[in-house]
1. Right, R32: without any contact (Cβ under 8 Å) to a residue 60 or more places away in the chain, within 27 Å of G88 (Cα to Cα) and assigned to a loop (DSSP other than H, G, I, E, B) or not?
2. Looking at L44, L15, L57, which is the one that is touching a residue at least 24 places away in the same chain (Cβ under 8 Å) and surrounded by fewer than 17 Cβ atoms within 10 Å (Cβ to Cβ)?
3. When only residues in region 1-12 that are surrounded by 12 or more Cβ atoms within 10 Å (Cβ to Cβ) and free of Cβ contacts under 8 Å to residues at least 60 places away in the same chain count, which is farthest from L80 (Cα to Cα)?
4. Those residues that are in a helix (DSSP H, G or I), within 20 Å of T14 (Cα to Cα) and in contact with a Lys or Arg (Cβ under 9 Å, 6 or more places away or on another chain), I need them from region 50-78; list them, please.
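Each reported figure results from applying straightforward, stated rules to the coordinates on display, with no laboratory input. Small disclaimer: the values here were computed from a predicted structure and weren't measured. Glycine gets a Cβ as well: all are built from the backbone with ideal geometry, and neighbour counts include every protein chain shown.
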Amino acid sequence: MPTPPNWTRITPATLDALPDDPGVFEIANLVRTVQFIGAAPAGLADAIREALRHPRLQSRSHCIRFEKRSDPEARAEELLDAYRRRHGGLPPHAHRTDPLGRLLERAIPPGRAVALPRSDRKSRGPTMRRFSRSA
C-alpha cells in the first residue's frame, strides 16, 4: 500500500488547484483526524467541493490529501479498511457525500429498523426517529 501524500490546508487557492483526474481523497480536521474518505471517479475537484458542502463537514474541515488513481473506489475501500482496523469503525462522515445514508446502508440489514438521534426543537434534548431500510 503506497504512503498517502502530505496534508494540505484547505484554502480557496488549494480548491482552485485541484485536478480533474479521478482519484481518492481524505478530509481531516485541524489535528489531522480523518473526517471523510471519498472516491472521485469523475474528478477530484468536483468531488471534494461537493463533500465540503456538507454542513457538519464544513465546520470540521481543515486539510485534505488526495491521490490520483485509475481505480478510486478500490483505493477508497483500502483506506476505509485501514481506518477501521486502526479506529474500530468508520470515519465520522463515512466516505460518500451522503455519509449517513452510506453508513446505514452498510450497517443495517434490509428490512430492519433502527432509531437515530434527531434534534427536536420542541424539547430540550435529542429525540429518536426511526429509519428502516427496505429489502
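1. Criteria met by R32.
2. So the residue among L44, L15, L57 that is touching a residue at least 24 places away in the same chain (Cβ under 8 Å) and surrounded by fewer than 17 Cβ atoms within 10 Å (Cβ to Cβ) is L15.
3. Taking the candidates together, the pick is I10.
4. The answer is A51, and nothing else.
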